[in-house]
Structure formats: structure tokens, C-alpha cells
Amino acid sequence: MFDNLRDGLRSALKKIVGASDINEELIDSLCKDVQRALLQSDVNVRLVLTITKNLKERAMQEQPPKGLSRKDHIVTILYGELAKMLGYSGEIATIDKKGVDDDPGATASFQPGRQNVVLMLGIQGSGKTTVTGKMSRWLTKHGYRVGVVGADTWRPGALTQLKMNCAKINVEVYGDENSKDAVAIAKRGLEHFNPQNLDVVIIDTAGRHKEEAGLLQEMNDMYKVATPDLVLLVIDGTIGQQAFSQAEAFHKAAPVGGIILTKLDGTAKGGGALAASAATGAKVMFIGTGERIDDLEQFSPTGFVGRLLGMGDIKALLEMAKGLEMQADENQAKRVLSGKMTIEDFYAQMEQVSKIGFRNVIDNMPGLSGMVKEDQLDAMQERMEKWRFIIQSMTKEEKKDPDLVNEARRKRIARGAGMAEGEIKHLIQQYNNSKTMMKQSKGRQMQGLMRRFGIG
């Protein structure tokens, strides 16, 4: 994601880090490199000039805090200016069981003890219906009881798609294929879910365009009927700076409280979408990161900028680790952390790691972001696949106690898995290393997580 922007910014930073002396000429060069990187990512020209103007003025005039070098201070200034570009003065807006906890300006909170209504709006083709399913999944994973109303009466198959996505996560969808009155469907859907003990009801709506006055009016009517606690606008990241005018039109019809960006992978316009969306005053709360229903993550401007600059995002990695712990069997977790795990536990850990993906782990680890090549990641993934087949070829006794695997058993397992005997030896060696490491770490989970991923 944003490979060109990331590479451009890191190249610019190398000039500062590798310089023997910080002077005005070097800072001018840094500013030009930053301008080039941002403009190539479709960030608005005026915004780019503002960022680099502030960067130069602060780099030349500010004195570094005590204990911080001037080089590090300039990096910190760039970090802050890029985060400010995204419309944030502080930490990310977060949604948890206590509600929306963010900077001043968020317009809604999830209140406990009552049903909270989320109205999903989106430009045509933005992937709004898919995101509605992903949002339902995200909320259920975080302890919310969710219901969904399908009120997109314009696109054929929208309700069917929504039901298929939500069926995977056991979330009920209310809809009426025979009605074209979206506002009435939304009203009946809320009435349908009212007696149920739910925390959040999400209303999916028809995709629309800022020029379609009729659909915008329908959206406004639906807003009045639903009186949502939170309005989320889904924006296609590929439209770049057009996001601003689109979001502005939606915001006038129904006050937008948060933005979800999709299709950011492989687009040079993502920077424009990020900056323009944040400029509306509604914060980017989530970004779509792939095709799967789990591929939705909260957007952290500080973490995002950290990854762009190669500074990593420990917070994101710890959140992923927490997700693993939530999904893991409690007894299995105790065995793993105490160093008493079986090879079946080791296999389960591999399964969880594969769900995260090696790229996510590497990109979120300070100092390693961008350092591991794709072919190395592929090799790691290939080895994981081999180990999976090997473990599946073991007997129950061998899985519980790999010390039983002698030469004869190793030959049998190798034939069953279609692997060389050396692969079986390597798996058992890695299992033993991991087991020993967990005994020594005494529950130091961050260290263990890094070592289990083969990092460091």
C-alpha cells in the first residue's frame, strides 16, 4: 500500500540521516523530495506546499528538545506534519465498548444499554455493501451484538450480497426485495430489531453520486427517520482528490461522523483520498486492506505515517497479538506461555500467524519495515505450508510428543507428506527452539511473538 509514497519519503529521510551537517541547503533538498513524493501520490498542491513550508520553518527555527539530536528533531517534525495532513492533532478516533474516544469533533458515541444506529453511505462502486459486512465482522469481534438492515433498493443483488456476507459471521439481515421505498425499509428494519438485545444496527444504503439530487434527498430523508448515532461514508481510494467534493456533498445531506477508505492497494491516488477526506472535518476511521471479510482495520494516522517513514507501528502489532490471544484456546495459551506446548499447539500458532500474514508483521515492526524482501516472505510462507503437511502426516502420539519421531517414523512421515526428511528435522528443531524460548521468556509475549515469527 502506498509503495511509491513510502519509498519517496524514505529516500528523502536518508539525506538527513546520512548528512554530516544540517544546513539550509540540505533542508531545501529534503522539502523538494517530500513535495515530489506527495504530489506523485495525488496530494493537493496547496496542502503539499503548506506541509513543506512548515517543515522548513520549523527545521530552521526550532531548537531540538534536550536529549534529541537535530536530525531526529527534523524527522519528528516531518512525522507530525504528515499526521496533521490527515486532519489529526492527536490520537486516532477509536470505537470501543465505551463509545467513540477521539479528538474533539467526533459527532456520535456508542452508548451502552441501548441500540446504536450506524448509517452507511457511499459513492457508487466504493464497495459500501462489502464494507458493511466487514464492519459487522469488526464490531462482533470487539464484543458488539449487531444487526443489519439492507436498504439499497437500486442495485440488483445488493440485498443478496449483503445476506451472503453476513451469513458467514452469523449476523441477521433485514430487507424487503419487493419494496423500492428505501426509507420505509430502514424504518421497518429498525422496528424489527428494536425488541432484540443488540448493541448496534447498521443500515446499508444505495450507492450514489453528488450530482444525483434524488438519491441525496432520499439519503437526507433516511437520516431524519433513522436518527443515526454515527454516519460512516465509504470512499473509493482510487478517486484521489475527487474525494473532497464527494464527501462535502454527502456531509451536507447527512453529517458524516467518520470515513472508511477502500481500494487503497495499488493506487497512486491514495494520498489524495486520505488528505481530501480528512479535510472535510470527518476523520478517517477505517481502511479496507484486502478482499476478505476480516480485511478492515482501524486507521491510525500516527501508525500510518510511522510505517511510511519506516519507523514502524508497535501499537498495531500489539493489537494483532491481542487478536491472536482472543482467538486462542485458553488452555492452549497457558501451555504455550509456560513452554509446555505440544506440536499441535505449535501448529495452531502457525495457523494464527498465517491469518495475520508475514507482511503485516514485518511492516509493523520498527526497523524491519521494508527491510525484508518479498522472495524472503514467500520462502517463509512456503516453509509454513510444508510444515502443515508434515504435521498432518503425524500420528496423535507424535503430535503430542515429537521426541517419539525416530528415523523410521521420520521416513514414514516424509513419505506421507511428500517432503524430504530434512524438513521434518527442521520442523522439530524449530518447535523445540520455540518451546525453549517460551520457557525462558516467562510470558514476555512481545519477545515471544517476534521470535515465533522468525524475527530477530
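Throughout, read-outs are computed from the coordinates displayed, never taken from laboratory work. Keep in mind it's a predicted model, so treat the numbers as computed, not measured. Cβ atoms come from the backbone with ideal geometry, glycine included; neighbour counts cover every protein chain shown.
Of note:
- For the range 136-228, the alpha-carbon radius of gyration amounts to 1.07 times the rule-of-thumb value 2.2 N^0.38 Å expected for a compact globular protein.
- 5 angstrom amide H check on Ile123, placed H, neighbours 5+ away: Arg208, Val234, Asp236
- For Val117, distant residues with modelled amide H under 5 Å away: Val201, Asp229, Leu230
- Label-point separation in nm, Lys400 to Glu24, each point 7 Å along Cα→Cβ: 7.8 nm
- When each of the peptides 165-171, 247-253, 129-135 is scored by how many other beta carbons lie within 10 Å of its residues on average, the order from highest to lowest is 129-135, 247-253, 165-171.
- Per-peptide average of other Cβ atoms within 10 Å, ordering 20-27, 287-294 highest first: 287-294, 20-27
- Vicinal HN-Hα couplings computed from phi for the range 73-80 (Karplus, 6.51 cos²θ - 1.76 cosθ + 1.60; Hz; Gly/Pro x): 5, 5, 4, 4, 4, 4, 4, x
- The range 37-82 gives an Rg/Rh value of 1.05, both radii derived from C-alpha positions and Rh following Kirkwood.
- Exceeding the 18 Å Cα-Cα cut-off - candidates Lys128/Lys163; Lys14/Lys71; Lys134/Lys224: Lys134/Lys224
- Amide H contacts for Lys283 (H built 1.01 Å from N in the peptide plane; partners 5 or more residues away or on another chain; cut-off under 5 Å): Ile259.
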